[in-house]
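The values are calculated or read from the model by the stated rules, or taken from the named source; none is laboratory data. Computed from a predicted model, the values in this text were never measured in an experiment. Positions of Cβ are backbone-derived with ideal geometry, glycine not excepted, and every protein chain shown enters the neighbour counts. Each accessible area value is taken on the protein alone, full model and side chains, heavy atoms only, with ligands, DNA and RNA left out. Shrake-Rupley method; radii C 1.70, N 1.55, O 1.52, S 1.80 Å.
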Amino acid sequence: MTHYSLKEIANIVGVKAHRISYALSNGFLPEPAERITNRRIFTEADLEAAKRYFAAQPKLGRPARKDGGR
């Protein structure tokens, strides 16, 4: 069984680590069952859940204007 850190999960999913922490603390993602020295240890199932959650997120913001916003 492969284990991942928060940073590794963030790199694989393509988001910043604080976005994953936010999703965990607000119940959008299930909290990993394992901890070592009070650090979350993620499994393959946790990785897949994060991929599904962040793949469903809409892209926010507007595309840049060609005229520089003038």
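Residues that are within 10 Å of the chain's Cα centre (by Cα), of a type outside the set (Gly, Ala, Ser) and open to solvent by less than 70 Å² (accessible area, probe 1.4 Å) within the range 1-45 comprise Leu6, Ile9, Val13, Val15, Ile20, Leu24, Leu29, listed in sequence order. Among residues of the range 4-18 that are in contact (Cβ under 8 Å) with a residue 40 or more places away in the chain and among the hydroxyl-bearing types (Ser, Thr, Tyr), those with a beta-carbon under 9 Å from a residue that is open to solvent by 50 Å² or more (accessible area, probe 1.4 Å) and part of a helix (DSSP H, G or I) at least six positions away or on a different chain give the pairs Tyr4/Ile12; Tyr4/Glu44.
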